[in-house]
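S.K.: I am attaching a structure below and will ask some questions about it afterwards.
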Amino acid sequence: MGVEHDTDSRIRMKGSLAIRVFITSCAFLVIPLIFYTAFTYKREYDRALTQVYDSLNISLGDQVKFLTEITDLQVHYLDALYEIVVNKPVDNLNLTLTQFVSDEMISTIIYLKTDPTGVICFASSLPEIVGKNFSGEIDLKKIDALNRKSFIARNPDGNYALYLIRLIKDPKSNAITGAIALATSMQLLLDVITGFKTIQYLDTSILSASGDVLATTHSNWMQKTLLIQHADDFELKKAIPRVSNNDVISLKPDDLGYEVDIGEETRLVVLKSVTDLPIMIALDVPKKIFLNQLKSYFATVGSLLLSILVLGGGATYLLTLRIARPMTALCEVMKMGQEGHLETRFDFDKWGFEVNYVGYLYNCLMDKIESMIQEIRTERTEKERYATQMVLALEIQKSLLPTQIKLPNIKIASSYFPAIDVAGDIFDCFEISEGKILLMCCDVAGKGIQACLYSLSFRGFLRSVSVFEKKLDRIVDQVNDLYLKDTEENSMFVTAWIGILDTVTRTLEYVSCGHPPALLRRHDKPVQLLEGNGIPFGIQKMDQIEVKSIQLEPKDLVIAYTDGVTEAMNDTRQLFGMDRLVVAIRNIDVASPENLIQDLYRRIKDFSAKEQSDDITILVFEVE
């Protein structure tokens, strides 16, 4: 009965899941989209308006650039005319100028000369103005003072034109003797720049710097002036509106451009000055273009919502019914896995879609779990074997270290505290001859078995060489030569403090090869550092070995140690350091060398963090 009840529950769940998915789709997708559309009307309004203004500004930039290229070309024509008139005069100059006008996009060319009567037209492409006095119309000295190369004036036909002018001066006196000017009618310039329309319903106007309409594609804008409200905010050069006798068209600025109301129609306007010319270009389009774009957007959104509701909702309902079947199968497989049947796998269903991928991930997970279980078993075996080897290595290392050190006229104690099971710290002390004892504390770079093996190798070299050599500098030199042969390719260098104590005379000879200095404690005297400047073993040959000597007294204590003592670190990453070590050695109440080591190690443990970061080795001997 229980199984049948579960099956019935799953069947009921299929229908319920499909209905819920359909309702959820409407609640969390369609309805939010409706609200989103309503609430984003302003944003879409601004976006569509920005798009229209962007298109206008792009087209305006192209027209300004094209007009600039035209005037740049005419400047070259003007230079050519200057050469003809001044440097290469021709017999019939009027005919030459007339031919030049007919070949190029120029309305009029005028060659002016100054004489006592004024500024006289000496030659022109229009024969009827030859001999005319232009003194009242053109002031060459003012043009020279203002350094102007262009101006706006009316052609003889009464239409506005853009004039480019170049003055002619006497080379010696620099006095103005004339000028050559060429004019292009504003209507001709307008026809050229409006020859390629990129925006529907686009109108173009050429304006003076003061806003007067000079040429336009509008039928009713001629003889008018564009007045910009709040003109102080208008940043175009020289675009300071003035009201002449012309009718005024008032422009209302907004964040992106301008708007103008003409009758019942509102138009969007953009303006831009032409570099180095006293004119501006204005482009405008009906605002209805922007409103049409907005209507198109909402029509598209409405169609999308309807499609989602009808087609998407129905398809979601039917698809959910079919998807429920592989989901149920996956639940059964996962339930078996939960019960411990890790070998059970999900069989893919052709209508499973993402459920198949979930089943694939489940199968991969089960494969990974089985693999990890096997790896854990193998790793546990390896760790047990490694632990056994480490225990054996530690026992071997401890067995090779001196334990009960009994030598005449000296008390010796030592302790070794590895950071891991075995390491590269090691110490040794033995008689090299009657009454002379060699004491050594060293530290091999690195940790673990490798460092341990090299430390034992170093100890063996030291003991072997000491059989034949008794002088400390010779011992150090030969041990370095032997050790260098084993380590020249792996950089396993060794730092060491080595001393030879004559127990009869109490004389201590010592060297320090890259190792922390040993400390000498004497009764009621400051702690003394027994340091040296030698280099570590295994780096290079030792050309010079500095052996130092000191005379010890009864009850003197010498403490040799590895850098694990001074480099012990607390939770705030402060080092134990040499200063704390010297204070500790001075203040410890010494009953025996063993007592000093125990008290010193306790102080280091109290100072440092819970986990020991480096090996610690301490060797202490007291002279009797």
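The values are calculated or read from the model by the stated rules, or taken from the named source; none is laboratory data. Computed from a prediction, not measured in an experiment: that's the story for all the values here. Glycine also receives a Cβ, built like all others from the backbone with ideal geometry; neighbour counts cover every protein chain displayed. SASA here: full protein model, heavy atoms, side chains in, ligands and nucleic acids out. Shrake-Rupley method; radii C 1.70, N 1.55, O 1.52, S 1.80 Å.
S.K.: I'd like to verify a number: residues in the stretch 486-511 that are under 24 Å from residue 470 (Cβ atoms), among the hydroxyl-bearing types (Ser, Thr, Tyr) and at pLDDT below 95, how many?
M.R.: So the count comes out to 4.
Residue by residue, here is whether (1) in a loop (DSSP other than H, G, I, E, B); (2) of a type in the set (D, E, K, R); (3) without any contact (Cβ under 8 Å) to a residue 24 or more places away in the chain holds:
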site	(1), (2), (3)
541	yes, yes, no
544	yes, no, yes
549	no, no, no
553	yes, yes, no
581	no, no, no
620	no, no, no
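S.K.: Within the stretch 516-524, is even one residue surrounded by fewer than 17 Cβ atoms within 10 Å (Cβ to Cβ) and assigned to a helix (DSSP H, G or I)?
M.R.: Looking through the stretch 516-524, none of the residues is surrounded by fewer than 17 Cβ atoms within 10 Å (Cβ to Cβ) and assigned to a helix (DSSP H, G or I).
For every residue, the table says whether it meets (1) free of Cβ contacts under 8 Å to residues at least 60 places away in the same chain; (2) open to solvent by 60 Å² or more (accessible area, probe 1.4 Å); (3) touching an Asp or Glu at 6+ places or on another chain (Cβ under 9 Å); (4) part of a strand (DSSP E or B).
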{"position": "153", "(1), (2), (3), (4)": "yes, no, yes, yes"}
{"position": "174", "(1), (2), (3), (4)": "yes, yes, no, no"}
{"position": "181", "(1), (2), (3), (4)": "no, no, no, yes"}
{"position": "195", "(1), (2), (3), (4)": "yes, yes, no, no"}
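S.K.: Here is a follow-up. Please tell me if residue 478 is open to solvent by 10 Å² or more (accessible area, probe 1.4 Å), under 21 Å from residue 547 (Cβ atoms) and of a type in the set (S, T, N, Q).
M.R.: yes
S.K.: Hey, does the stretch 93-113 have a residue that's crowded, with 18+ Cβ neighbours inside 10 Å, in a strand (DSSP E or B) and not β-branched (Val, Ile, Thr)?
M.R.: yes
S.K.: Now, a different point. Suppose we filter 534, 499 for residues that are under 22 Å from residue 424 (Cβ atoms), of a type in the set (Gly, Ala, Ser) and either open to solvent by 10 Å² or more (accessible area, probe 1.4 Å) or in contact with a Pro (Cβ under 8 Å, 6 or more places away or on another chain) (or both); which single one remains?
M.R.: None of the others qualify; the one that does is 534.
S.K.: Which condition number in (1) modelled with pLDDT of 80 or more; (2) under 49 Å from the mean Cα position of the chain (by Cα); (3) closer than 30 Å to residue 124 by Cβ; (4) not acidic (Asp, Glu) is the one that residue 195 fails?
M.R.: All conditions pass for residue 195, except number (1).
S.K.: Could I ask something else about it? Could you say whether any residue in the stretch 64-85 is farther than 25 Å from residue 151 by Cβ and open to solvent by 60 Å² or more (accessible area, probe 1.4 Å)?
M.R.: Of the stretch 64-85, the ones farther than 25 Å from residue 151 by Cβ are none.
No, because not a single residue in the stretch 64-85 is farther than 25 Å from residue 151 by Cβ and open to solvent by 60 Å² or more (accessible area, probe 1.4 Å).
S.K.: Something else now. Kindly indicate whether any position in the stretch 428-441 is small (Gly, Ala, Ser) and either over 24 Å from residue 557 (Cα atoms) or under 59 Å from the mean Cα position of the chain (by Cα) (or both).
M.R.: no
S.K.: Let me ask another. Could you check, for the stretch 580-596, whether at least one of its residues is open to solvent by 60 Å² or more (accessible area, probe 1.4 Å) and more than 28 Å from residue 409 (Cα to Cα)?
M.R.: Checked against the condition, which is being open to solvent by 60 Å² or more (accessible area, probe 1.4 Å) and more than 28 Å from residue 409 (Cα to Cα), the stretch 580-596 yields at least one hit.
Okay, residues lined up against (1) in a loop (DSSP other than H, G, I, E, B); (2) touching a residue at least 40 places away in the same chain (Cβ under 8 Å); (3) within 21 Å of residue 530 (Cβ to Cβ):
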| site | (1), (2), (3) |
| --- | --- |
| 452 | no, yes, no |
| 456 | no, yes, no |
| 461 | no, no, no |
| 470 | yes, no, yes |
| 476 | no, yes, yes |
| 481 | no, yes, no |
| 492 | yes, yes, no |
| 495 | no, yes, yes |
| 501 | no, yes, yes |
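S.K.: Out of the residues in the stretch 134-147 meeting the condition of being without any contact (Cβ under 8 Å) to a residue 24 or more places away in the chain and open to solvent by 100 Å² or more (accessible area, probe 1.4 Å), tell me which one is nearest to residue 78 (Cα to Cα).
M.R.: Within the stretch 134-147, the match that is nearest to residue 78 (Cα to Cα) is 147.
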